[in-house]
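The values are calculated or read from the model by the stated rules, or taken from the named source; none is laboratory data. Predicted, not measured: the structure shown is a model, and the values here were computed from it. We place every Cβ from the backbone using ideal geometry, glycine too, and count neighbours over all the protein chains shown.
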């Protein structure tokens, strides 16, 4: 069953974040079997405290094991250092059905 990683990030310096962390993470995602489903700024928070104007990223993985292999890899540990001081991040991992664009 596919797994989805859902990231909400309140970014303080978007240019530095994208040039450093964003580029490094994007290079690693396919290496570990993941693919981006959505990436973009400007989330509207309808309830709760976290997320107003935040960037959202949803990536799809073959399963939780693949997502965790990415998350726990030494390469990603180095990439995460590039976002220190630039963003507050919340990351969730959930199993879900294979989502097909245009269905429903």
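Look at (1) over 15 Å from the mean Cα position of the chain (by Cα); (2) at pLDDT below 95 and you find that residue 74 fails only one, number (2).
Give me the pairs: first residue in region 73-97 and over 22 Å from residue 52 (Cβ atoms), second residue modelled with pLDDT under 95, beta-carbon distance under 7 Å, and six or more apart or on different chains, which are they? The qualifying pairs are 95/1.
When region 80-99 is limited to residues that are surrounded by 11 or more Cβ atoms within 10 Å (Cβ to Cβ) and part of a strand (DSSP E or B), the one that is nearest to the chain's Cα centre (by Cα) turns out to be 91.
Please find, within region 47-62, the residue that is surrounded by the most Cβ atoms within 10 Å (Cβ to Cβ) out of those that are more than 11 Å from the chain's Cα centre (by Cα) and on the phi < 0 side of the Ramachandran plot. Result: 61. Just checking, does region 45-64 include any residue being in contact with a helix residue (DSSP H, G or I) (Cβ under 7 Å, 6 or more places away or on another chain) and modelled with pLDDT of 95 or more? Checked region 45-64: at least one residue is in contact with a helix residue (DSSP H, G or I) (Cβ under 7 Å, 6 or more places away or on another chain) and modelled with pLDDT of 95 or more. Would region 88-104 turn up any residue that is on the phi > 0 side of the Ramachandran plot and at pLDDT below 95? Checked against the condition, which is being on the phi > 0 side of the Ramachandran plot and at pLDDT below 95, region 88-104 yields at least one hit. For region 5-26, the set of residues classified as modelled with pLDDT of 95 or more, touching a helix residue (DSSP H, G or I) at 6+ places or on another chain (Cβ under 8 Å) and not in a helix (DSSP H, G or I) consists of 5 only. Counting only residues that are part of a strand (DSSP E or B) and touching a residue at least 40 places away in the same chain (Cβ under 8 Å), region 29-63 holds 8 of them. As for region 2-23, it holds no residue that is touching a strand residue (DSSP E or B) at 6+ places or on another chain (Cβ under 6 Å), loosely packed, with under 15 Cβ neighbours inside 10 Å and touching a residue at least 12 places away in the same chain (Cβ under 8 Å).
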